[in-house]
Amino acid sequence: MLHWLRHYRRAMLPGDISAGVVVAMMMIPQGMAYALVAGLPPVVGIYASIVPPVLYALFGTSSTQSVGPMAIISLMTASTLAPLAAAGSALYATLAAQLALLSGLVLLACGLLRIGFMANFFSRPVMSGFTIGSSVVIALGQLPALLGASRAGAWLPDVHLPSAILGGGALLLLLAARSWLASLLRHLGFSPTVADIGAKLAPMAVVLGATALVPALGLEALGVRTTGNVPAGLPFLHLAASHDHWQALLQPALLTGFMVFLISMSGAQTLALKRAEKLHSNYELIGLGAANVGSALTGGFPVTGSISRSAVNFAAGANTQLASLITASLLALALCVPTGWLALLPLPALAATIIVAVLGMFDTSTLRTAWRYDRADALALIATAAGVLALGVEAGVVVGVALSMGALIWRASRPHIAVLGRIPGTEHFRNVDRYTADTAPGLLLLRVDAGLFFGNVEAVNERIEDEIAARPCTRHLVLVLSAVNAIDTSALFALGELNAMLRTRGIGLHLSEVKGPVMDRLKQSELLAALNGRLFLSTAMAWDALSAEEAHGSR
């Protein structure tokens, strides 16, 4: 906080004010809708939108990050708490706050211990698959509310016609606004920035319009469900906890914390690049952790940075974290004035806003790219999405991460090994399968394009055996280690065994282009002293010396 306050200038204030107002207008219907996704009363979504952004502004590093409720984290909250308590009950609300507290503590601990790098184990395809699967689950879960069905999962037989008309109309308006409103506003002469912000505020306009129809047409009397009473006043300090559920919530809190960080960082990094800002991942962990602890202590649920709201915050002119403080102040003010109008918000219209919001996350571009570039990543994406749909949110993520790590281990266990030859007239050596390159009789050059460790050393030895068997006249084997960054103990023993085996067959084992850190480690071993060959600074030097020996020996 001291950093951006110290450098604050008066010229930044108009942009921060406009962004704060615009995001506050988005946050009211969005926060209430995402609270419903989490299985909580709508007002809890506003509670979770006041203190968390303030705490993030104190500790976070992104000037445009908008922290609060978000669809995927709301779904994870609901899937975690559903087996433990009935949605809407006092225990359920307590457990939601407890989950936010544990998630926040996980994030704080990761930030203080500087282990944000662990989040890198969630690959981009796994994240994309998780987002796609979650968006489908959320959209399907909102169909009963959209159509006014009395029972979740049985919405087709008992559709409530007035609710369905209101929800369907809101859905069509929102889809039309998303597709054409920005271009229409630009056509009418508005700047691209204003047009994009206007399109983002369409959900607020649609919800307000639907709310106005409730008393005008007597929709409540017709059976259209609304949010009901929304208590006025600021959230109070919330210290309740269920001591029977700490253990049950710990593992989901770990996963929720990591997903909070990943979702937040993905949006914040994109916006930071546009302003040449630098984000500090460990401070981001601390900021998000503090935000979730603050949400827990004020009766909220897990929160994260929202990609869509952060983009609107950016487009609306946010220059510093002051924009988030203004948003939080306006939301607090909204709860301090009469809240009767909030009670009239129709649930079908809120369901429509949720469905359109999550459909925006249904992005297949990553799948198309992965399918062309790396089928293993594409399969991990598909498996994650299918796992979320078939097994649930947490199990789907575990499946995706396991497949992604499995693919990584499989690739590492089968490193690329090239037979090298000399490009005529140069000192450059390239793969003979890709280039026209000369080879020397009795000399075999092999380049290993990966670090040597226990998982791949057997595959490397097998490939060496195959290449020597294919060239029975080989007298010198040169391992080109220019791409080897590390050799572990298992690989060290394997090299020693290879050296001894080649010695008995009259074949010299030589090493070239060994990197400094690798050489430092090898000097601590007995391999270099026992080596049945020589060390060469470059492959060209090895070629010149060994091919000359072969030529001299053949005379």
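Some points to look at:
- Enumeration of residues in the stretch 57-82 that are assigned to a loop (DSSP other than H, G, I, E, B) and without any contact (Cβ under 8 Å) to a residue 60 or more places away in the chain: ALA82
- Yes/no for ALA407 being outside any strand (DSSP E or B) and either aromatic (Phe, Trp, Tyr) or farther than 30 Å from ILE487 by Cβ (or both): no
- Looking across LEU113, LEU102, LEU91, one residue alone is touching a helix residue (DSSP H, G or I) at 6+ places or on another chain (Cβ under 6 Å) and over 21 Å from ALA272 (Cα atoms). It is LEU102.
- The set of residues in the stretch 84-97 that are without any contact (Cβ under 8 Å) to a residue 12 or more places away in the chain and assigned to a loop (DSSP other than H, G, I, E, B) comprises ALA85, ALA86, SER89.
- Per the listing PRO231, PRO215, PRO235, the residue uniquely touching a residue at least 12 places away in the same chain (Cβ under 8 Å) and over 18 Å from VAL44 (Cβ atoms) is PRO215.
- Residue match in the stretch 369-377 (condition: under 30 Å from LEU81 (Cβ atoms), surrounded by 21 or more Cβ atoms within 10 Å (Cβ to Cβ) and outside the structural domain of GLU458 (by TED's automatic domain parsing)): no
- Residue within the stretch 313-322 that is surrounded by 18 or more Cβ atoms within 10 Å (Cβ to Cβ), β-branched (Val, Ile, Thr) and in a helix (DSSP H, G or I) present: no
- When the criteria are applied in full, THR384 fails the requirement of being assigned by TED's automatic domain parsing to the domain that holds LEU444 and either modelled with pLDDT under 90 or not in a helix (DSSP H, G or I) (or both).
- Tally of residues being in contact with a Leu (Cβ under 8 Å, 6 or more places away or on another chain) and surrounded by fewer than 20 Cβ atoms within 10 Å (Cβ to Cβ) across the stretch 68-90: 4
- Each residue in the stretch 398-431 was checked for being among the hydroxyl-bearing types (Ser, Thr, Tyr), over 20 Å from MET127 (Cβ atoms) and in contact (Cβ under 8 Å) with a residue 12 or more places away in the chain, and 1 pass.
- Wholly within the stretch 1-56, helices (runs of 4 or more DSSP H) carrying at least 3 residues that are buried (at least 24 other Cβ atoms within 10 Å of the Cβ) and among the small types (Gly, Ala, Ser): 13-37
Yes/no per residue for (1) among the basic types (Lys, Arg); (2) modelled with pLDDT of 90 or more; (3) under 26 Å from PHE314 (Cβ atoms); (4) touching a Lys or Arg at 6+ places or on another chain (Cβ under 6 Å):
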residue: GLY233; (1), (2), (3), (4): no, no, no, no
residue: PHE236; (1), (2), (3), (4): no, no, no, no
residue: LEU254; (1), (2), (3), (4): no, yes, no, no
residue: ALA268; (1), (2), (3), (4): no, no, yes, no
residue: LYS278; (1), (2), (3), (4): yes, no, yes, no
residue: ALA291; (1), (2), (3), (4): no, yes, yes, no
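- Checklist (1) in a helix (DSSP H, G or I); (2) surrounded by fewer than 23 Cβ atoms within 10 Å (Cβ to Cβ) applied to LEU107, failing item: (2)
- The set of residues in the stretch 448-483 being over 16 Å from ARG411 (Cβ atoms) and under 34 Å from the mean Cα position of the chain (by Cα) consists of SER482 alone.
- Taking each residue of the stretch 503-520 that is on the phi > 0 side of the Ramachandran plot and looking for partners that are among the hydroxyl-bearing types (Ser, Thr, Tyr) with beta-carbon atoms closer than 9 Å, six or more apart or interchain, yields GLU513/SER482; GLU513/SER538; GLU513/THR539.
- Here ALA483, ALA540, ALA500, ALA548 are screened, and the one residue that is closer than 18 Å to ILE417 by Cα, in the same structural domain as ASP438 (by TED's automatic domain parsing) and either assigned to a loop (DSSP other than H, G, I, E, B) or of a type in the set (A, V, I, L, M, F, W, C) (or both) is ALA483.
- Qualifying residue in the stretch 466-475 (condition: buried (at least 19 other Cβ atoms within 10 Å of the Cβ), at pLDDT below 95 and assigned to a helix (DSSP H, G or I)): no
- For TRP371, the criteria (1) touching a residue at least 24 places away in the same chain (Cβ under 8 Å); (2) assigned to a helix (DSSP H, G or I); (3) touching a helix residue (DSSP H, G or I) at 6+ places or on another chain (Cβ under 7 Å) hold in every case but one, which is (1).
- Residues that are among the charged types (D, E, K, R) and part of a loop (DSSP other than H, G, I, E, B) were ranked within the stretch 503-520; the one that is farthest from LEU535 (Cα to Cα) is ARG505.
- Candidate set from the stretch 394-432 (those that are in contact with a strand residue (DSSP E or B) (Cβ under 7 Å, 6 or more places away or on another chain) and among the charged types (D, E, K, R)); member that is surrounded by the fewest Cβ atoms within 10 Å (Cβ to Cβ): ARG430
- Subset of the stretch 250-292 (residues that are of a type in the set (A, V, I, L, M) and surrounded by fewer than 21 Cβ atoms within 10 Å (Cβ to Cβ)): LEU250, LEU254, LEU255, LEU262, ALA272, LEU273, ALA276, LEU279
- Counted as qualifying within the stretch 160-252 are the helices (runs of 4 or more DSSP H) with 1 or more residues that are under 26 Å from SER308 (Cβ atoms) and touching an Asp or Glu at 6+ places or on another chain (Cβ under 6 Å), namely 182-187.
The values are calculated or read from the model by the stated rules, or taken from the named source; none is laboratory data. Just so it is clear, the structure is predicted and the values come from calculations on it, not from any experiment. With ideal geometry, Cβ positions are generated from the backbone for all residues, glycine too; neighbour counts draw on all protein chains shown.
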